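Structure, as structure tokens:
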Amino acid sequence: QVQLVESGGRLVHPGDSLRLSCAASGLVFSSYFMGWFRQAPGKEREFAAAISGLGWRTSYADSVKGRFTISRDNAKNTVYLQMNSLKPEDTAVYYCAALKYGGVQTNLADYISWGQGTQVTVSS
């Protein structure tokens, strides 16, 4: 059974940095693209970033490009999201997920396993 557990979310000020972690178990971690999504209150869940199994390829939503960095440590079965220059509009619950083989990285429906999410609040 696949389990994904996110952590690291908290209240921060605009301009601050934060690193989220997602620990995975129950899957051959290095075989899967992993993605980060986020869901703000009253909005749909949206793609933020994704990374290939060996970490060679990454992709980002335009809204986070240049500020967020996705990375992974396959020895620790963990994927990270480094978030810099945070803005109030980054406030959301952040989820990590595993992409099915052949899935489209930005397509929420192509992700097969999800964590419970971690809350990030950016406020002065």
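The values are calculated or read from the model by the stated rules, or taken from the named source; none is laboratory data. Computed from a predicted structure; not experimentally measured. Every residue, glycine as well, gets a Cβ built from its backbone with ideal geometry; the counts of neighbours run over all protein chains shown. Heavy atoms of the whole protein, side chains included, go into the accessibility calculation; ligands, DNA and RNA do not. Shrake-Rupley method; radii C 1.70, N 1.55, O 1.52, S 1.80 Å.
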Selection within the range 11-29 - of a type outside the set (A, V, I, L, M) and farther than 21 Å from Ala97 by Cβ: His13, Pro14, Gly15, Asp16, Ser17
Please name all residue pairs, on different chains or six or more residues apart, with Cβ atoms under 6 Å, provided the first residue is in the range 50-61 and is assigned to a loop (DSSP other than H, G, I, E, B) and the second residue is charged (D, E, K, R). Gly55/Arg72
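Of these, Ile112, Ile51, which one is among the aliphatic types (A, V, I, L, M) and open to solvent by 30 Å² or more (accessible area, probe 1.4 Å)? Give the derivation first.
Numbers: Ile51 fails: open to solvent by 30 Å² or more (accessible area, probe 1.4 Å).
Testing whether each residue is among the aliphatic types (A, V, I, L, M) and open to solvent by 30 Å² or more (accessible area, probe 1.4 Å) leaves just Ile112.
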Could you please tell me which pairs satisfy a Cβ distance under 8 Å, a separation of 6+ or placement on different chains, a first residue in the range 75-100 that is open to solvent by less than 30 Å² (accessible area, probe 1.4 Å) and assigned to a helix (DSSP H, G or I), and a second residue that is of a type outside the set (Ser, Thr, Tyr) and modelled with pLDDT of 95 or more? Asp90/Arg38; Asp90/Val64; Asp90/Met83; Asp90/Val120; Asp90/Val122
Only one of (1) more than 21 Å from Asp110 (Cβ to Cβ); (2) out of contact with any Leu (no Cβ under 9 Å at 6 or more places or on another chain); (3) not polar (S, T, N, Q) does not apply to Val28, and that is (1)
When (1) under 14 Å from the mean Cα position of the chain (by Cα); (2) open to solvent by 10 Å² or more (accessible area, probe 1.4 Å); (3) over 26 Å from Val2 (Cα atoms); (4) acidic (Asp, Glu) are applied to Glu46, the one that fails is (3)
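Give the residues of the range 68-109 that are among the hydroxyl-bearing types (Ser, Thr, Tyr) and out of contact with any strand residue (DSSP E or B) (no Cβ under 6 Å at 6 or more places or on another chain), sorted by residue number. First the steps, then the outcome.
Looking only at the range 68-109, we keep the residues that are among the hydroxyl-bearing types (Ser, Thr, Tyr), and these are 69, 71, 78, 80, 85, 91, 94-95, 101, 106.
The answer is Ser85, Tyr101.
Going by the conditions given, is Phe29 open to solvent by 40 Å² or more (accessible area, probe 1.4 Å) and in contact (Cβ under 8 Å) with a residue 24 or more places away in the chain? Write out each step before concluding.
On the way: open to solvent by 40 Å² or more (accessible area, probe 1.4 Å): no; in contact (Cβ under 8 Å) with a residue 24 or more places away in the chain: yes.
Taking the combined requirement at face value, the residue does not satisfy it.
Among the residues of the range 32-39, is there at least one that is surrounded by fewer than 18 Cβ atoms within 10 Å (Cβ to Cβ) and either free of Cβ contacts under 8 Å to residues at least 24 places away in the same chain or farther than 16 Å from Trp114 by Cβ (or both)?
Start the filter on the range 32-39 by keeping residues that are surrounded by fewer than 18 Cβ atoms within 10 Å (Cβ to Cβ), which leaves 39.
Those left that are additionally either free of Cβ contacts under 8 Å to residues at least 24 places away in the same chain or farther than 16 Å from Trp114 by Cβ (or both): none.
Checked the range 32-39: no residue is surrounded by fewer than 18 Cβ atoms within 10 Å (Cβ to Cβ) and either free of Cβ contacts under 8 Å to residues at least 24 places away in the same chain or farther than 16 Å from Trp114 by Cβ (or both).
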Only residues that are open to solvent by 20 Å² or more (accessible area, probe 1.4 Å) and not β-branched (Val, Ile, Thr): list them for the range 62-74, please. Asp62, Ser63, Lys65, Gly66, Arg67, Ser71, Arg72, Asp73, Asn74
I want to confirm something. Restricting to the range 25-43 and keeping residues that are assigned to a loop (DSSP other than H, G, I, E, B) and at negative phi, which single residue is nearest to the chain's Cα centre (by Cα)? Phe33
